[in-house]
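The values are calculated or read from the model by the stated rules, or taken from the named source; none is laboratory data. All values reported here derive from a predicted model rather than from experimental measurement. We place every Cβ from the backbone using ideal geometry, glycine too, and count neighbours over all the protein chains shown. Just the protein is used for accessible areas: all its heavy atoms, side chains included, with ligands, DNA and RNA removed. Shrake-Rupley method; radii C 1.70, N 1.55, O 1.52, S 1.80 Å.
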Amino acid sequence: MSDVAGGGRDGRVAIVVPARHASTRYPGKPMVAIRGATGVERPLIGRSWDAARAAADAMGGDVRVIIATDDARIAELAEGFGAEVMMTPEACANGTERCAAVLDRIDADTDIVVNLQGDALLTPPWFLSELVSVLRADPAIAVATPAVRATPVVHRRLLDDQAAGRVGGTTVATAADGRALYFSKAVIPHVPDARIGDPALPVLLHVGVYAYRRAALARYAALPESLLEQLEGLEQLRFLDGGVPVRVVEVDARGCELWELNNPSDLAPIEAQLAVRGME
């Protein structure tokens, strides 16, 4: 068993929503207004808070939801709609570091911390609850993260994006037991041209949500940033480089389109999906 695994099956859960103002691609992103199905505009951080609360309800029990930020404007906005806010250092390099920065302020009986990125407002609640169920069922698992099997259409789109020099998403290759072997912004695994379009291909599109054992999150904060993490721009590679196994949980999107707010051009498809789901 990994030295960052373990923990009880009935330990409490906290969901942390990391949010920063100084986004390189989209400064002030958490405060951007997003129109829902009824035409009402609410800030991104409020909608991500809603997604976290929906996941907490799906898990049942006493689940604490926290917004972790380094910006007083975001904190004031979040506290205005009733969120619990914890301030974090500006130096946090990614969402996992920001979750680790609040760990010592989360109750000691909280064994599992879930990271719902602050721009992932469309994440279905069962994505988070399934991760927690996997960790509760197997104390040997230290970190879990979801992935969706790419359809032939999505696989071709990823390959077209790659050929054009664009990053269409993050893919992950796994061992037979679901253990992550590697995450990449390149399309992995490589497959022969004749196999493209085969729905049985193990092409898994990673979804940037994480559930960590408390010890694994503390271990992450103590590890140096890895070269692979720097090159790929993928925070989860620090776990693999540091010898902490990551379990990939294949989930069913149930027809939901997933879209994160990374650029202003993402607003239209996100608002369209909110309308399709009837989300106010």
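For region 156-277, the fraction of C-alpha pairs farther apart than 24 angstrom is 37 percent. When the label point is put 7 Å from the Cα of Asp57 along its Cα-to-beta-carbon vector, which residues of region 96-134 have a backbone N closer than 13 Å? Only 125-126 fall inside the zone, counting backbone N under 13 Å. The residue among Pro18, Gly39, Ala58 whose Cα reaches farthest toward the positive pole of the charge dipole of region 1-88, with charges on the beta-carbon of Lys, Arg, Asp and Glu, is Gly39.
Distances between placed amide hydrogens fall under 5 Å for Leu121 paired with Leu261, all partners being 5 or more residues away or on another chain. If the segment from Ala218 to Arg35 were pulled out straight at 0.36 nm per residue, it would be longer than the present Cα-Cα gap by 62.2 nm.
Output the peptides 98-105, 31-38, 120-127 sorted from most to least packed, where packing is the average of other Cβ atoms within 10 Å over each peptide's residues.
Final packing ranking: 120-127, 98-105, 31-38.
All distinct Cα pairs of the chain go into the 1/r average, and the inverse of that average, the Kirkwood radius, is 19.2 Å. Label-to-label distance for Asp241 and Phe81 is 3.5 nm, based on points extended 7 Å past Cα in the beta-carbon direction.
Overall size of region 88-225 from C-alpha positions, given as principal axis extents largest first: 53, 35, 29 Å.
For Ile15, the amide hydrogen comes within under 5 Å of the amide hydrogens of Arg64, Val65, Ile66, Val114, counting only partners 5 or more places away or on other chains and with H modelled in the peptide plane.
Given a 1.4 angstrom probe, I'd like the percentage of the accessible area of the chain that is carbon and sulfur, rounded to a whole number. After summing per-atom areas, the C and S share lands at 52 percent.
Cβ-Cβ distance of Arg195 and Ala272, R₀ of 41 Å, FRET efficiency by 1/(1 + (r/R0)^6): the value works out to about 0.80.
At what distance in angstrom do the alpha carbon centres of region 249-263 and region 169-207 lie from each other? With region 249-263 and region 169-207 each reduced to a Cα centre, they are spaced 16 Å. Among beta bridges from DSSP that stay inside the chain, the antiparallel ones total about 50%.
When the chain is fully extended, how far beyond the present Cα-Cα distance does Ala164 get from Ala72, taking 0.36 nm per residue of separation? All intermediate terms of the calculation are to be shown ahead of the outcome.
Numbers: separation 92, 0.36 × 92 = 33.12 nm, distance 3.97 nm.
Difference between extended and current length: 29.2 nm.
In terms of packing, defined here as the mean over residues of other Cβ atoms within 10 angstrom, the peptides 230-239, 11-20 line up highest first as 11-20, 230-239.
The eigenvalues of the Cα gyration tensor, multiplied by 5 and square-rooted, give region 38-118 an equivalent ellipsoid with semi-axes of 20, 18, 11 Å from largest to smallest. Phi-derived couplings, Karplus 6.51 cos²θ - 1.76 cosθ + 1.60 at θ = phi - 60°, listed residue by residue for region 165-178: x, 9, 9, x, x, 9, 10, 9, 9, 10, 7, 4, 8, x Hz, with x used for Gly and Pro. So what is the relative contact order for the chain, in percent, with contacts set as C-alpha pairs under 8 Å and at least six apart? Relative contact order here is 25 percent. In terms of Cα atoms, the Rg and Dmax of region 211-257 work out to 13.2, 39 Å.
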